[in-house]
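Peer 1: Can you read through this structure? Questions will come right after.
The values are calculated or read from the model by the stated rules, or taken from the named source; none is laboratory data. Bear in mind that the values here come from a model prediction, so they are computed numbers and not experimental data. All Cβ positions, glycine included, derive from the backbone under ideal geometry; neighbour counts span all protein chains shown.
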Amino acid sequence: MGVVDGIKSASLFGKLAFFMLAVALLFIYIAFTTTGWGENASGTHWGLWRVCSENEYNPGCTPLDGWALDWWAATQAMAIFGFVGINIAFFLVCLLLFTSQCGGNKEVGMGAAIVCIITGALLLIGCIVFGVKFDDRYIDRFPNNKHELSYSFGLAIVASLLEIVAGVFLLVDGLGKGTSPSG
């Protein structure tokens with residue numbers, strides 16, 4: 001079974017889930033690796049793993065490994081679960097659509113659906129924690145230097161929502177296959 005044949009033979013929900021997961025995969029790769037989760041007017045940018053500065057007197061990046069903030073560690077952990085989950089779900093959907101051994105296999109589809117829903121929800125929880133605590137931690141301490149959420153934060157939210165919706169589509173698709181009469 002080739003790529004074109006796999007897409008043609010897939011159900012509408014399977015196709016939608018594949019394309020949603022492909023977009024979610026792109027967005028989470030960008031969000032996971034960039035320093036665009038938060039920023040301030042002085043040119044400091046926070047990512048999950050490092051903080052970078054555009055300040056001409058103090059340029060460069062500092063790793064955030066081992067930063068002793070529980071909410072930051074929780075955000076990192078939830079983002080890791082979401083990142084890995086999107087990768088696994090996309091792999092399972094590719095197996096479902098493009099291999100003859102897994103094509104139409106209800107168990108693979110349901111497994112991908114469960115992975116999507118659970119890890120998408122975990123990623124969304126991590127984004128919520130970051131959004132709530134980033135404001136509390138920085139805006140209250142530095143009232144003259146406003147800190148704002150940025151593009152990577154938004155991409156991570158969109159990726160989590162796409163992953164959850166793709167999981168629901170896969171779930172509906174799998175449940176629909178289970179109700180067909182056997183001949």
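Peer 1: Write out, first by first residue and then by second, each pair whose Cβ atoms fall under 7 Å of each other, whose residues are 6+ apart or on separate chains, and whose first residue, in the range 48-71, is at negative phi while the second is surrounded by fewer than 16 Cβ atoms within 10 Å (Cβ to Cβ) and of a type in the set (S, T, N, Q).
Peer 2: ARG50/THR62; VAL51/THR62; ASN55/SER42
Peer 1: Taking the range 96-116 only, how many residues are surrounded by fewer than 18 Cβ atoms within 10 Å (Cβ to Cβ), in a helix (DSSP H, G or I) and at pLDDT below 90?
Peer 2: 2
Peer 1: Just name the residue that is nearest to HIS147 (Cα to Cα) out of those in the range 34-75 that are touching a Cys at 6+ places or on another chain (Cβ under 9 Å) and among the hydroxyl-bearing types (Ser, Thr, Tyr).
Peer 2: Residue satisfying both the conditions and the ranking: THR44.
Peer 1: Can we say PHE90 is assigned to a helix (DSSP H, G or I), closer than 30 Å to GLU148 by Cβ and touching a residue at least 40 places away in the same chain (Cβ under 8 Å)?
Peer 2: Considered against the rule, which asks whether it is assigned to a helix (DSSP H, G or I), closer than 30 Å to GLU148 by Cβ and touching a residue at least 40 places away in the same chain (Cβ under 8 Å), PHE90 comes out as no.
Peer 1: Tell me, which residue of the range 53-82 that is farther than 18 Å from THR119 by Cα and either at pLDDT 90 or above or aliphatic (A, V, I, L, M) (or both) is surrounded by the fewest Cβ atoms within 10 Å (Cβ to Cβ)?
Peer 2: ALA68
Peer 1: Inside the range 15-87, counting only strands (runs of 3 or more DSSP E) that do not spill past its ends, which hold 2 or more residues that are hydrophobic (A, V, I, L, M, F, W, C)?
Peer 2: 50-53
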